[in-house]
Amino acid sequence: MEDKLSEALCTATHPVADTADDEWTFISDSTYLAAADVLGYKRYAHRDWFDENNLTATQHVDELHHKHLAWISDKNSVAKKASYKQAGKTTQRELRTMKDAWWANIASEL
């Protein structure tokens, strides 16, 4: 973390700041990006039926996210929009199936 932060705040990459606000923005952004590179982002998981370790669910959500980013980068592409919409439908269907199976398992335990 220290190396990434030192590299990000290096004077060679440091733009000339006209005001203290510009300087603070540079420091804040550099710190945030260095922390994100080293630590990554927190992945939230539902505590009931959605298990963060469920590889299938994570893959579906990651695929949906990837296709969304692809579509956002090229909003005029009809194919990317259709691919994103299809991935959304598939993801929703699979997550609902997993949720229904979880509830069926809970009901059978009662």
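The values are calculated or read from the model by the stated rules, or taken from the named source; none is laboratory data. Just so we're clear, the structure is a prediction, and the values are computed from it rather than from any experiment. All Cβ positions, even for glycine, are placed from backbone atoms using ideal geometry, and neighbour counts span all protein chains on display.
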Those residues of region 43-74 which are at pLDDT 90 or above and of a type in the set (D, E, K, R) amount to D62, E63, K67, D74
Starting from residues that are basic (K, R) and either touching a Lys or Arg at 6+ places or on another chain (Cβ under 6 Å) or more than 16 Å from A57 (Cα to Cα) (or both), keep the ones in region 75-110 and report whichever is modelled with the lowest pLDDT. K75
